[in-house]
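Note sheet for the following structure.
Where a number appears in this text, it was derived from the coordinates with a stated rule and is not lab data. Given the structure is predicted, the values throughout are model-derived calculations rather than measurements. All Cβ positions, even for glycine, are placed from backbone atoms using ideal geometry, and neighbour counts span all protein chains on display.
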Amino acid sequence: MMSQTNKNNSRYIRYILLISASLWVLWPISIMIEEGFRVDIGPLFSGRGASFVGEFFQGQGGIRFTTIEYVKALQIEAYPRLLVNSVIIAVSSVIVAILAGLPAGFTLAMYKFRGKAFITYALLAMRTISPFAVLLPFFLIYGRLGLFDTYQGMAFIYLIINLPIITMMMRGFFKDIPKEIFEAAFMSGASDSYILRKVALPLALPGLAAAAVFAFVGTWNEFFYALFLTGTVTKTVSRGVWSGFSESIESFKILEFDELNAGGTLAIIPAVILSLAVQRYLARGFTLGAEEQR
Amino acid sequence: MKVPYVFLIPCLLIIFLAGIGPVLQSFLLSLSEFSLVNPSQAPVGFQNYIALLSDAIFWKAIQVTLLLVFGSVFLEFVVGIFLALLITSSGKRARSIFSSIFVIPIAIAPIVTGILWSPNSVFDDLNTLLYYGLSLGTYIDTTKPFTYYSLIMISDAYIWAPLLMLVTVAIIRSIPREQYEAAEVMGASSWTKFNKITFPAIIASPAIIVTLLLRMADAFRMFEVPYAWNFWLGQDSELGASVDTVSVLMWKMFSSTLYDFPIAQITTIAIVLLIITLSICALVLRRSSNLLD
C-alpha cells in the first residue's frame, strides 16, 4: 500500500520534471514565434512595456497580433531568395561531399591500411577547426580567382564541414552491415567498386539519406563562413536572419527585433523538421561516430 | 586483400585543398607582417607569436574563452545527464515524445539561439512579469557580467545538452539490468542506484569522455552567441570587451576600420587556437575505442 503511493508520487514528480524541461526547451522558441507576430506582454501589466532590459528594446510593444512580419518576409522582402541560396549551396556542397566521402567512408570501414589514422585525424581536425585558420587564405585566393560570393565558392567552403560528416557517418553505416555479407561478396571475387555499388550502398541507403540530411542542416545553420564570404549574390538564410533582409537582397537594413524573430522562426522550421527525421543519428553526426562503442 | 586507394583520392584532394593547404598558408601569413599598410607576405619570423604572448587583450580573450568553455561544457554535461535520466525512467510513449522535444534546440542555428536568449527576447517578458506582473520591484539586469556570462553558457548548453543527453541515454541503456535488480533486492534508494551504478558507468564510459572533448574543441572556437551578445551589450566596436572570445576578437580585428586589416596578427591567433583544437582531436582519437578499427 505504502509503496504504491510512493510509486505514484514518483511518477507525478517525473512528469512535472519532464514538462518543466520541455518548457525550458520550448519557451524561448515560443517567444521568438510570438514576437514575430509583434505580440508583447508588457502593456498587459504596465501599459508601456518593459524598457529597462537593454538599450535595444523599443518599449512600445503591445498586444497587436499581426502576421505582417511573416508576410513581409515571405512576400515583399528578399527572404525567399535567401532560402533559395541556402538550398542551392547546401545541396551542391552535400552532393560533392557524397561523391568524395562515400568511397572514402567505404575504404575506412572495410580496410586497415597505412595512413588511415592520418585521414581520420584530418577529418576530425576539419570538423573542429576554427574557421579563422582557413578564412584568410580563402579570402585572398577567392579574391584572385573571382570565386568570392559565388555559389561554387561557397559550396566548396562548406566541404570543410560536410566532407567529414559524410565520410565518417557513412563509415559507421558500412560498419553496421554484418561482416558476413561482405565476406561472401569478396569471396566471389567481386571488385571493390562493384561491392560498393551493388552490396554496400543498397544496404546503407537509409544511412546515406540520414547523413545527407544531417549535413544539409549543418550547412543551413552555418553562420561564420556566410558572414565573411557571402555578399549580395549568395547571402544565406542564417546570415540574413541576423543582418536583416529588405526589399532587395542588395540593401542592408538596420536590425529590428520583430523582423529578426519572424526571420528566425521561418529559418528554424525546416531545420527542426529535418533534424527530427534523423534524430537517431544525431549523436553519430556530431561526434563523427567517435562516441560509439563496439 | 588489396586496399582500393583510388577510393581515397577525391577525399584526400579535398582535405588538402580545403584543409591542409589553407592552414599552411595561414601559418606562413602568421610569420609575416602582412597588413593593409604592409603588403609583403614574406615570412620574417616568429615575432607575431612573441608579441601575442605579451598582449593583454589576447590573454583577456583566452580567459573569457576558458571561462565559457568550462562553464558551458559542465552545464551541458549536468543538464544532459538530467534529461537522460528523465528519458530513461519514462515509459515508451513518453520517452519518444519527450526525447523529440528535447532534441529540438540542436537543430536551431547557433546565431538564432543568440537571438532567442537575448535581453529583449526571453528577458523582456520575464522581467515584465517579475517587475509589474508579480510586483516584485526587481528585474534581471542582463548588463551585469555575472548575468551575461551565465546567459552565454545557458545558450550554449541549450543547444548542446541534447547531444550529451543522447550519448548518456545510450550509456544508461547499456548498463546490465541485473545490477539494478541486485540493488533493489538490497533495498537501495533511487539516489544510491544513481550514485553507485549509473553515474560511475557514465563517467567511466569512453563515449562520454570523447563527446565532452569534442564539445570542448567546439566551444574553444565559440563565435555566434558571444558575437550576438557583443551587439546586445553595445560592445561591438570595443577591442578586448568582456564577451570577446578568441574568435570574436579575431572578427573584430578583421572587420574594424580602427586597425589596418592586420592579417598577420589574426592568423597568429588562429594558429594558436588551431594548436589547441588539434591537441584535443589527438586526445579524441586516442580515447575513442572504434575510430581506427
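Here are some notes:
- Whole-number Å³ per residue for the convex hull built on Cα positions in segment A:71-287: 134 Å³
- P(r) tail, the protein assembly as shown: Cα-Cα pairs separated by more than 37 Å, 36% of all pairs.
- Dipole-positive endmost among A:Thr265, A:Ala97, A:Val87 within segment A:71-287 (Cβ charges, Cα centre): A:Ala97
- Across B:Lys60/B:Lys252; A:Lys116/A:Lys179; A:Lys112/B:Lys2; B:Lys92/B:Lys196; A:Lys116/B:Lys2; A:Lys116/A:Lys175, pairs whose alpha-carbon gap is larger than 18 Å: A:Lys116/A:Lys179; B:Lys92/B:Lys196
- Across all C-alpha atoms in segment A:70-132, the radius of gyration and Dmax reach 18.5, 57 Å.
- Taking every Cα-Cα distance in segment B:54-287 and sorting them into 5 Å bins from zero, the calculated P(r) comes out as 1, 6, 12, 14, 15, 14, 12, 10, 7, 5, 2, 1, 0, 0, 0 percent.
- Net charge dipole size for the protein assembly as shown [Lys, Arg +1 and Asp, Glu -1 on Cβ; Debye, nearest 20]: 2080 debye
- Efficiency of FRET from Cβ geometry, B:Asp293 and A:Asn6, R₀ 35 Å, rounded to 0.05: 0.15
- Cα centroid separation - segment B:59-101 against segment A:147-176, whole Å: 27 Å
- Karplus-derived 3J(HN,Hα), 6.51/-1.76/1.60, for each residue of segment A:156-162, Hz, glycine and proline x: 5, 4, 6, 4, 4, 8, 7
- Among the chymotrypsin sites (Phe, Trp or Tyr not before Pro) in segment A:127-162, none is located in a DSSP loop while being surrounded by at most 12 other Cβ atoms within 10 Å of its own Cβ.
- Stokes-Einstein D for segment B:176-293, Kirkwood Rh over Cα pairs, 20 °C, 1.002 mPa s (µm²/s): 119 µm²/s
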